Amino acid sequence: MPMLKIRKFRRRWVLTVFLIGSLIFLLSKTLSNNQDLVNEQYEIKRTFLRQPFEWQPKIPDLPEANSSRQWICRNSVQGQKLIVDERGYVCDRGHVVSGGCCDLKHAHTSKHSCDTCKKNGCCETYEYCVSCCLRPEKKPLMQKILKEGREALDKLFASVDNLFELCLSKCRTSSMSVQHENSYRNSDTKHCYGENPPDLQASLPV
């Protein structure tokens, strides 16, 4: 009888040790995985923050007539009526030269125009939103937005490496522009380059 009790005690002791050991292993594995995830996020954040960013366009701000070279501009591409190029010029789609730049010889071509934009950084027209966003005085705001986005590991800021792409992305409508998942917060000014979503009511003009 005493021998049977000893065997039962040994079995319970072995089972207890096994369970405790398994628990310790699982806890250590979980902590290790969490630490690996923290380290990975830290490395991603460091990479984001150190990633080179182009704040100035590479295209000189000169009329094409003043240069024999054919400059190639990035532009907003999809506009049916208007196009904005990386220098901040807005023009009619028909006034885009073969290199993709707005033709500066046309009177309706305007630079860094905030037409249809409000003080809160939200605009009625996508191309004017991008053009306004490219204004030199907006750089501190865009630097702040870029830094906060990269620190938060926002996927949007992982894919842009210049101010033009940042403004193109910011001015597209997003979840910030809608309410109740199916209606715009402000259907008139839904393109925003700033930090805040559109006001529910119209803002004052810039």
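The values are calculated or read from the model by the stated rules, or taken from the named source; none is laboratory data. Note that the structure is predicted; figures quoted are calculated from it, not measured. Neighbour counts are summed over all protein chains in view; Cβ atoms, including those assigned to glycine, are modelled from backbone coordinates with ideal geometry. Please note that ligands, DNA and RNA were not included when accessible areas were found on the heavy atoms of the full protein model with its side chains. Shrake-Rupley method; radii C 1.70, N 1.55, O 1.52, S 1.80 Å.
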Matching residues in the stretch 94-107 - criterion: being out of contact with any helix residue (DSSP H, G or I) (no Cβ under 9 Å at 6 or more places or on another chain) and buried (at least 16 other Cβ atoms within 10 Å of the Cβ) = H95, V96, G100
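Run down E137, E165, E151 and say which single residue is at pLDDT 80 or above and open to solvent by 80 Å² or more (accessible area, probe 1.4 Å).
Testing whether each residue is at pLDDT 80 or above and open to solvent by 80 Å² or more (accessible area, probe 1.4 Å) leaves just E137.
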When (1) exposed (fewer than 10 other Cβ atoms within 10 Å of the Cβ); (2) of a type in the set (A, V, I, L, M, F, W, C); (3) modelled with pLDDT of 70 or more are applied to L4, the one that fails is (3)
Output the residues belonging to the stretch 85-111 that are of a type in the set (S, T, N, Q) and assigned to a strand (DSSP E or B).
-> S110
Residue check, K81 against (1) open to solvent by less than 30 Å² (accessible area, probe 1.4 Å); (2) more than 19 Å from M142 (Cβ to Cβ), all met but one. Which one?
-> (1)
Scan the stretch 108-134 for residues that are open to solvent by 40 Å² or more (accessible area, probe 1.4 Å) and of a type in the set (D, E) and report the count.
-> 2
State whether the residues of the stretch 175-187 include one that is modelled with pLDDT under 85, among the hydroxyl-bearing types (S, T, Y), closer than 18 Å to S76 by Cβ and part of a loop (DSSP other than H, G, I, E, B).
-> no
